1. Have a look at 115, 40 and point out the one that is touching a residue at least 24 places away in the same chain (Cβ under 8 Å), surrounded by 17 or more Cβ atoms within 10 Å (Cβ to Cβ) and touching a helix residue (DSSP H, G or I) at 6+ places or on another chain (Cβ under 6 Å).
2. Can you tell me which residue in the stretch 23-36 is modelled with the lowest pLDDT, limited to those that are touching a strand residue (DSSP E or B) at 6+ places or on another chain (Cβ under 7 Å) and crowded, with 20+ Cβ neighbours inside 10 Å?
3. Taking the options 151, 156, name whichever one is part of a loop (DSSP other than H, G, I, E, B) and modelled with pLDDT of 95 or more.
4. Hey, among 77, 127, which residue is touching a helix residue (DSSP H, G or I) at 6+ places or on another chain (Cβ under 8 Å), part of a strand (DSSP E or B) and touching a residue at least 24 places away in the same chain (Cβ under 8 Å)?
5. Give all pairs with beta carbons closer than 8 Å in which a residue from the stretch 149-162 that is in contact (Cβ under 8 Å) with a residue 40 or more places away in the chain meets a residue that is exposed (fewer than 13 other Cβ atoms within 10 Å of the Cβ); count only pairs at least 6 apart in sequence or on separate chains.
């Protein structure tokens, strides 16, 4: 368990798959969460808990099938603990973010990205979903991607949409 600021507790679990060392994953998650909170203006008063699970394509396919009706792997899934709206304060428990190693690594290679940068981006993306952001239409997608770009820029990570 790690902590962002005084009040954000993060549990990182490496469940399956070929991932970088756990300390590297914890650092990437911590960076991603810190950048999102700074970008959204959540100050030191923000208190919450987050779980990030690093898994594999087999597990994420099961989750994707069960919860979204899509029988295929995906890079990241978010499971909010509470319904959230993008304009509201942070809930006491954010929820879970699950990433799939084979898909994440394949995408990073195909797109010529550093694996750590891609992991950080996907954690940011997943966290924004937990905070009530979505990309169901063009307007929502543009707004969410703008936050992602800004949060990544805070970490000197290139724009993944360029």
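1. After ruling out the rest, the residue left standing is 115.
2. First pass over the stretch 23-36, keeping only residues touching a strand residue (DSSP E or B) at 6+ places or on another chain (Cβ under 7 Å): 25-26, 29-30, 33-34.
Next cut, crowded, with 20+ Cβ neighbours inside 10 Å only: 25, 29, 33.
Details: 25: 97, 29: 96, 33: 93.
Once the filter is applied, the top-ranked residue is 33.
3. After ruling out the rest, the residue left standing is 156.
4. Result: 77 is the single residue among 77, 127 that is touching a helix residue (DSSP H, G or I) at 6+ places or on another chain (Cβ under 8 Å), part of a strand (DSSP E or B) and touching a residue at least 24 places away in the same chain (Cβ under 8 Å).
5. Close Cβ pairs satisfying both conditions: 152/159; 160/111.
The values are calculated or read from the model by the stated rules, or taken from the named source; none is laboratory data. Worth saying up front: this structure is predicted, and the values here are computed from it rather than measured. Neighbour counts run over all protein chains shown; Cβ positions are idealised from the backbone, glycine included.
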